[in-house]
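*Asks:* This is the structure I want to talk about, given as structure tokens.
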Amino acid sequence: MSKQINIGGVAIGGGAPVAIQSMCSTKTENVSATVDQILRLEEAGCEIIRVAVPHLEAAKSIGAIKSRIHIPLVADIHFDYKLALECAEQGIDKIRINPGNIGGEDRVKAVVDACRKRNIPIRIGVNG
């Protein structure tokens, strides 16, 4: 059995019921469009939502989005560890990173430290 973790109030793994998750297709920095899409997904039964964070403008939008939704928000980070750090500052509920594309061990450690400080779970993925 896997270890159970908590993502913004939703239990994952460790015998918890399967949570319905989706990902936004909007540009994250378009806060209104992203929130509208998330609210529609909430109505449809979505319990966790993920957004792409390809640049700083998107990362800086996380707090505004979170303040208007009711389900946990996950940031999908590629290539720039500083985006993960900003999302942690903005109050993200979970971060998804690929250590192979965000830089060296020092950058991964910076993300881990920032998330540990705020009790933010990290999903580590590897493309292969």
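Results for (1) closer than 26 Å to residue 103 by Cβ; (2) modelled with pLDDT under 95, shown as yes or no for each residue.
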{"residue": "25", "(1), (2)": "no, no"}
{"residue": "31", "(1), (2)": "no, no"}
{"residue": "34", "(1), (2)": "no, no"}
{"residue": "41", "(1), (2)": "no, no"}
{"residue": "52", "(1), (2)": "yes, no"}
{"residue": "55", "(1), (2)": "yes, no"}
{"residue": "68", "(1), (2)": "no, no"}
{"residue": "73", "(1), (2)": "yes, no"}
{"residue": "79", "(1), (2)": "yes, yes"}
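Matching residues to (1) closer than 13 Å to residue 114 by Cβ; (2) touching a Lys or Arg at 6+ places or on another chain (Cβ under 6 Å):
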residue	(1), (2)
54	no, no
61	no, no
65	no, no
68	no, no
73	no, yes
87	yes, no
91	yes, yes
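*Asks:* On to the next question. Can you tell which of 45, 14 is open to solvent by 20 Å² or more (accessible area, probe 1.4 Å) and modelled with pLDDT of 95 or more?
*Replies:* 45
*Asks:* Next question, about the same structure. Look through region 17-71, keep the residues that are part of a strand (DSSP E or B) and β-branched (Val, Ile, Thr), and return whichever of them is nearest to residue 111 (Cα to Cα).
*Replies:* 53
*Asks:* While we're on this one: Of all the residues that make up region 48-62, how many are under 23 Å from residue 18 (Cβ atoms) and either in contact with a Gly (Cβ under 9 Å, 6 or more places away or on another chain) or surrounded by fewer than 15 Cβ atoms within 10 Å (Cβ to Cβ) (or both)?
*Replies:* Selection size over region 48-62: 1.
*Asks:* I'd like to know if region 70-87 contains one or more residues that are more than 20 Å from residue 124 (Cα to Cα) and open to solvent by 20 Å² or more (accessible area, probe 1.4 Å).
*Replies:* Within region 70-87, one or more residues are more than 20 Å from residue 124 (Cα to Cα) and open to solvent by 20 Å² or more (accessible area, probe 1.4 Å).
*Asks:* Between 65, 95, 7, which is open to solvent by less than 20 Å² (accessible area, probe 1.4 Å), out of contact with any helix residue (DSSP H, G or I) (no Cβ under 8 Å at 6 or more places or on another chain) and in contact (Cβ under 8 Å) with a residue 12 or more places away in the chain?
*Replies:* Of the residues listed, the single one that is open to solvent by less than 20 Å² (accessible area, probe 1.4 Å), out of contact with any helix residue (DSSP H, G or I) (no Cβ under 8 Å at 6 or more places or on another chain) and in contact (Cβ under 8 Å) with a residue 12 or more places away in the chain is 7.
*Asks:* Specify the residue that is nearest to residue 22 (Cα to Cα); the eligible residues are those in region 98-128 that are small (Gly, Ala, Ser) and touching a residue at least 12 places away in the same chain (Cβ under 8 Å).
*Replies:* Per the stated criteria, the residue is 125.
The values are calculated or read from the model by the stated rules, or taken from the named source; none is laboratory data. What you see is a predicted model, and the numbers here were worked out from it, not measured in a lab. Here Cβ is always computed from backbone atoms with ideal geometry, including for glycine, and neighbour counts include all displayed protein chains. The area values use the complete protein model at the heavy-atom level, side chains included, leaving out ligands, DNA and RNA. Shrake-Rupley method; radii C 1.70, N 1.55, O 1.52, S 1.80 Å.
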